[in-house]
């Protein structure tokens, strides 16, 4: 009560002197002298050092998210906080010190922005339209060096993302490389842009099992009839429910198989390049265990894929480094029950690689 009476007395004295009383509801002001904020507000500095996005990519992101603000720090500041957290892979406490913000504010900004970026997933990461399929197929034919691949419209692979596992189910997340992870399955086009992702299976699951439980497979979402996607020998060669071409398994028996595997490898490696670019840009996320709840990991990875596609669309290229290339294929698995093998289709493609002018459809 004594403190309340004192505060009222101070306000009465201020009013008597015509001095406006302090407004306890007034928002905090942005401190532009904080180094990370000064780097952004000068309008010229390279943002990739601290935020891993060029200024053009960041502006493209904000153009989609929108910059309207009616409360809080605003989308721009919150996006900078989120990107710095992704780029540094550090704790909320360290990010709070870097931005001179309360830790609770940083936590709220990170999670609010990640939800906003995740909402862009259908808009940024999507399957090609029917009109774009011939263009995508021509791109894969160029990558493969053979016209036999002009009906290929995607390359699929899986990636292990390190996590801190939950105590009760840690064994489920221990993969064959003896570290804890979640599976990240992705399909990309000929430009290394992600067109489909499926995230969240524990690391102990095989690539083929992840594929079987993905909507891409059981909903037969992609590819459309007459087209196919390609993958490594960890996947089964399929015709139905989706057309998936894989290399001939060792030992190879003739030059036909050797040549086909070479062409397929050159086309398929674009998905490994996409993973490599992703790991190079977000090294702190993909090259060490994520120290967040394992249920939040899929959202973080999905946000990274959205940002990856936005960067590619804005010409913000960050080529994969030698030590972060794609992973080796998983152990081969048979076709799932009820699936139709695609060995005959693969043989026709292989024959077309050798004699491209002949029609082997009969």
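Observations on the model:
- Per-region count, the stretch 244-256, residues surrounded by 18 or more Cβ atoms within 10 Å (Cβ to Cβ) and in contact with a helix residue (DSSP H, G or I) (Cβ under 7 Å, 6 or more places away or on another chain): 3
- The set of residues in the stretch 34-61 being farther than 12 Å from residue 99 by Cβ and either out of contact with any helix residue (DSSP H, G or I) (no Cβ under 8 Å at 6 or more places or on another chain) or free of Cβ contacts under 8 Å to residues at least 24 places away in the same chain (or both) consists of 41, 42, 43, 44, 45, 46, 47, 48, 49, 55, 56, 59.
- Flag if residue 200 is closer than 23 Å to residue 289 by Cβ and either outside any loop (DSSP other than H, G, I, E, B) or under 15 Å from the mean Cα position of the chain (by Cα) (or both): yes
- Scanning the stretch 129-160 for residues that are surrounded by 17 or more Cβ atoms within 10 Å (Cβ to Cβ) and not in a loop (DSSP other than H, G, I, E, B) yields a total of 19.
- Residue within the stretch 103-111 that is in a helix (DSSP H, G or I), under 21 Å from residue 317 (Cα atoms) and touching a residue at least 12 places away in the same chain (Cβ under 8 Å) present: no
- When the stretch 215-226 is filtered for residues that are surrounded by fewer than 20 Cβ atoms within 10 Å (Cβ to Cβ) and either assigned to a loop (DSSP other than H, G, I, E, B) or in contact with a strand residue (DSSP E or B) (Cβ under 8 Å, 6 or more places away or on another chain) (or both), the ones remaining, listed by number, are 215, 219, 220, 221, 224, 225, 226.
- Any hit, the stretch 333-340, residues being at pLDDT below 60, under 34 Å from the mean Cα position of the chain (by Cα) and either more than 19 Å from residue 137 (Cα to Cα) or not assigned by TED's automatic domain parsing to the domain that holds residue 239 (or both): no
- On the stretch given as the stretch 240-273, residues that are outside any helix (DSSP H, G or I), touching a residue at least 24 places away in the same chain (Cβ under 8 Å) and in contact with a strand residue (DSSP E or B) (Cβ under 9 Å, 6 or more places away or on another chain) total 7.
- Reported count of residues in the stretch 62-102, each being in a helix (DSSP H, G or I), over 21 Å from residue 161 (Cβ atoms) and touching a residue at least 12 places away in the same chain (Cβ under 8 Å), is 12.
- Leading residue by the ranking (surrounded by the most Cβ atoms within 10 Å (Cβ to Cβ)) among those in the stretch 100-128 that are touching a helix residue (DSSP H, G or I) at 6+ places or on another chain (Cβ under 7 Å) and over 30 Å from residue 215 (Cα atoms): 109
- Residue within the stretch 274-287 that is touching a helix residue (DSSP H, G or I) at 6+ places or on another chain (Cβ under 6 Å) and part of a strand (DSSP E or B) present: no
- Criterion: out of contact with any helix residue (DSSP H, G or I) (no Cβ under 8 Å at 6 or more places or on another chain), modelled with pLDDT under 70 and more than 30 Å from residue 115 (Cβ to Cβ) - qualifying residue of 16, 21: 16
- Boolean, residue 309 is at pLDDT 75 or above, in the same structural domain as residue 270 (by TED's automatic domain parsing) and touching a strand residue (DSSP E or B) at 6+ places or on another chain (Cβ under 8 Å): yes
- For the stretch 314-332, filtered to residues that are at negative phi and at pLDDT 75 or above, the residue that is surrounded by the fewest Cβ atoms within 10 Å (Cβ to Cβ) is 317.
The values are calculated or read from the model by the stated rules, or taken from the named source; none is laboratory data. A quick note: this is a predicted structure, and the numbers were derived from the prediction, not measured. Neighbour counts run over all protein chains shown; Cβ positions are idealised from the backbone, glycine included.
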